[in-house]
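Accompanying notes for the structure given below.
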Amino acid sequence: MHDVFHVSVLRKYVPNPSHILDWHHLQVTDEGALKAEPVCILDHRTRQLRRRLVDQVKVQWSPSSAIWEDAYTMRLEFPFLFSQTSGQV
């Protein structure tokens, strides 16, 4: 399936300064993906996956995005998050 649209639906672009991104603060990985920085840890839990217990933390990545991540991996990559949580996780 191809995304096809008629030329009549095109409109002239009106420049707006808010459309310009400040790319100087963005970090890119070796693969070319954007490197996201977590904002804070919202919650923590322990889940049983098969026969082992796994600690997870709910990480807020942006104002609208928060997902559960492996606590061990997050502690290795972002240790500053755990210094803020008073050692609960």
Gly32 passes all but one of the listed conditions (1) at pLDDT 90 or above; (2) among the small types (Gly, Ala, Ser); (3) closer than 30 Å to Ala71 by Cβ; the exception is number (1)
How many of the residues in region 25-55 are touching a Lys or Arg at 6+ places or on another chain (Cβ under 9 Å) and farther than 19 Å from Ser83 by Cβ?
7
Enumerate the pairs (first residue in region 64-75 and of a type in the set (Lys, Arg); second residue anywhere and surrounded by 14 or more Cβ atoms within 10 Å (Cβ to Cβ)) with beta-carbon separation below 7 Å, excluding pairs fewer than 6 apart on the same chain, so at least 6 apart or on different chains.
Arg75/Phe82
When you scan region 12-57, how many residues do you find that are among the basic types (Lys, Arg), within 24 Å of Phe78 (Cβ to Cβ) and more than 17 Å from the chain's Cα centre (by Cα)?
3
Exactly one of these conditions fails for Leu53: (1) assigned to a loop (DSSP other than H, G, I, E, B); (2) in contact with a Ser or Thr (Cβ under 6 Å, 6 or more places away or on another chain). Give me its number.
(1)
Val9: β-branched (Val, Ile, Thr), exposed (fewer than 11 other Cβ atoms within 10 Å of the Cβ) and within 19 Å of the chain's Cα centre (by Cα), yes or no?
no
Scanning for something part of a strand (DSSP E or B) and touching a Cys at 6+ places or on another chain (Cβ under 7 Å), does region 60-81 turn up at least one residue?
yes
Condition first: of a type in the set (Lys, Arg) and not in a loop (DSSP other than H, G, I, E, B). Can you find one or more residues in region 28-49 that meet it?
yes
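The values are calculated or read from the model by the stated rules, or taken from the named source; none is laboratory data. Nothing here was measured: the structure is a model prediction, and the numbers come from that model. A quick note on method: Cβ atoms are made from the backbone with ideal geometry, for glycine too, and the neighbour counts reach across all protein chains shown.
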